[in-house]
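**Student:** Let me give you the structure first, and then I'll get to my questions.
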């Protein structure tokens with residue numbers, strides 16, 4: 001394998017790794033958003049778990065965050081949450097998810113498995 005092939009393979013590997021990281025951060029953010037919204041909606045523990053999964057699944061409707069935003073906006077329409085407040089919460093919880101993930105990556109605990117980011 002020549003140097004060019006090695007560099008290409010390295011870039012492909014890095015790209016795949018970055019995409020996986022972004023997926024995990026988004027799933028964690030969506031979990032936090034589901035927790036936040038379910039508190040506003042007054043859900044019990046079982047309802048909260050179901051709702052969190054529905055927020056995570058909503059993110060698969062299309063690329064980007066608009067699908068999650070629309071779900072939250074529709075679900076919170078009777079609770080006086082502005083678009084700006086929802087978007088700010090999404091941004092804040094995205095930063096929290098990134099921070100959590102960076103912490104998990106630097107720790108040596110087994111808590112950084114994929115299932116940690118998807119399950120409630």
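The values are calculated or read from the model by the stated rules, or taken from the named source; none is laboratory data. The structure displayed is predicted, hence computed values, not measured ones. With ideal geometry, Cβ positions are generated from the backbone for all residues, glycine too; neighbour counts draw on all protein chains shown.
**Student:** Restricting attention to segment 46-80, which residues are touching a helix residue (DSSP H, G or I) at 6+ places or on another chain (Cβ under 7 Å), farther than 21 Å from residue 100 by Cα and assigned to a loop (DSSP other than H, G, I, E, B)?
**Tutor:** Listed by number, the residues that qualify are 61, 76.
**Student:** Can you pull out every residue in segment 81-98 that is without any contact (Cβ under 8 Å) to a residue 40 or more places away in the chain and in a helix (DSSP H, G or I)?
**Tutor:** Once the filter is applied, which keeps residues that are without any contact (Cβ under 8 Å) to a residue 40 or more places away in the chain and in a helix (DSSP H, G or I), segment 81-98 yields 83, 84, 85, 86, 87, 88, 91, 92, 95.
**Student:** Let me ask something else. If I go through segment 46-66 residue by residue, how many of them are at pLDDT 95 or above and either surrounded by 11 or more Cβ atoms within 10 Å (Cβ to Cβ) or touching a strand residue (DSSP E or B) at 6+ places or on another chain (Cβ under 7 Å) (or both)?
**Tutor:** Result for segment 46-66: 9.
**Student:** Give the residues of segment 1-29 that are surrounded by 11 or more Cβ atoms within 10 Å (Cβ to Cβ) and either over 24 Å from residue 67 (Cα atoms) or in contact with a strand residue (DSSP E or B) (Cβ under 7 Å, 6 or more places away or on another chain) (or both), sorted by residue number.
**Tutor:** 8, 9, listed by residue number.
**Student:** Quick one: which of 32, 43 is surrounded by 17 or more Cβ atoms within 10 Å (Cβ to Cβ) and not in a helix (DSSP H, G or I)?
**Tutor:** None of the other options fit; the residue is 43.
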